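What follows is a short report on a single structure.
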Amino acid sequence: MDIFYQLFNWSFQLFERLGQENFTSLYILFQVAIFLIFIWMFNRKKSAENQALDNVKKEIQDLKRDKVTNYSLNEIFERQPQQSNYVKQWKRYYERITEKGDDEKIRVEPFFGMETLHYAIGERQILEFGGGIHTSLGVLGTFIGLSMGLSGLDIADSEALRGGIGNLIGG
C-alpha cells in the first residue's frame, strides 16, 4: 500500500506543478490521443477485413457457376488469413453444415445474418470498449480536478475560503 500512496503523492505533486490550465490541456490531449488510437485500431482491422472480403469475392467470381459448392467455398476461405472474422464466421458455418444430418435444414441467419455480421465483423467491441475508457478517464479527471481545487483552499480564512469555493465552482 505504501507504493500506491507514494505514486499518488508523486502524481498529485506533478499535477499541481503543471497548473490547472496545463493539466487540463494535457488531459484533453491524452483523451484525443486515446480516441485516435481506437480509430486507428478500428480502421486497421476494417482494412484487413475488407481485403479478405475482396479476395474471397474475386475468387468466387472466378468460379464457374456450377462449381460453387460448400466445399469449393471452403477451399477459398482456407486460403485467406485465418484471423479474419469473415473466415471465422465461415468456419463456424462450415463446421455446422458438415455435422448436420441428411434430413436436417440449416438456417444461415445465425451465421450470416445482418446483425451477426454487423457485430462479429463490424468490430463493434472495439468502439464499445472505447466509450467505457473515455467515461472512466473523464470521471478520473473530474476527481483529480476536484482534489487539486480542494487542496488549494485555505480553511483558516473565511473570506479566502469563499473566494476559493467560488473559483472551484466556476471551474
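The values are calculated or read from the model by the stated rules, or taken from the named source; none is laboratory data. Values in this document were obtained by computation on a predicted structure and should not be read as measured data. Here the Cβ positions follow ideal geometry from the backbone for every residue, glycine too, while neighbour counts run over all protein chains shown. These accessible areas exclude ligands, DNA and RNA; they are computed on the full protein's heavy atoms, side chains included. Shrake-Rupley method; radii C 1.70, N 1.55, O 1.52, S 1.80 Å.
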Taking every alpha carbon pair in the range 87-167, what does the distance histogram look like in 5 angstrom bins from 0, in percent?
3, 12, 12, 10, 8, 7, 6, 6, 5, 6, 5, 5, 5, 4, 3, 2, 1, 0
Computed over the chain: longest principal axis from alpha-carbon atoms vs helix 2-18 long axis, angle to nearest 10 degrees, is 70
R0 = 22 Å: FRET efficiency of L26 with I3, Cβ-based, nearest 0.05?
0.35
Rounded to whole Å and sorted largest first, list the principal axis extents of the Cα atoms in the range 37-171.
89, 31, 19
Just to confirm the number: angle between the C-alpha axis of helix 20-62 and the first principal axis of the chain, 0 to 90 degrees, nearest 10?
0
Accessible area of the chain with a 1.4 Å probe: how many percent of it is carbon plus sulfur?
60
Quick check: the angle from helix 158-170's long axis to the longest principal axis of the chain, C-alpha only, nearest 10 degrees?
20
Just name one of T142, Q61, N22: the one whose Cα is farthest towards the positive end of the charge dipole of the range 21-171 (beta-carbon charges, Lys/Arg +1, Asp/Glu -1).
Q61
Could you give P(r) for the range 66-117, binned at 5 Å from zero, as whole percent values over all Cα-Cα pairs?
4, 19, 26, 25, 20, 6, 1
Given a 10 angstrom Cα cut-off, can you work out which residue in D103, D54, D154 is the most mobile in a GNM of the chain?
D103
Would you please give the FRET efficiency between R96 and I39, computed as 1/(1 + (r/R0)^6) with r the Cβ-Cβ distance and R0 = 22 Å, to the nearest 0.05?
0.05
Expected sort for 55-64, 77-86 on mean C-beta neighbours within 10 Å, highest first, is 77-86, 55-64
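Could you pull out the pairs from K57/K100; K46/K105; K58/K105; K46/K88; K45/K91 whose alpha carbons sit more than 21 Å apart here?
Listed pairs above 21 Å: K57/K100; K46/K105; K58/K105.
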Rg to Rh ratio, the range 1-76, alpha-carbon atoms and Kirkwood radius?
1.49
Send over a whole-number figure in Å² for the accessible area per residue of the chain, probe 1.4 Å.
74
Using θ = phi - 60° and the Karplus relation 6.51 cos²θ - 1.76 cosθ + 1.60, list the HN-Hα couplings for the range 64-75 in order, rounded to whole Hz, with x at every Gly or Pro.
6, 4, 7, 9, 7, 10, 4, 5, 5, 5, 4, 4
Provide the gained length on full extension for the span A48 to L18, in nm with one decimal, where the gain is 0.36 nm per separating residue minus the Cα-Cα distance.
6.7 nm
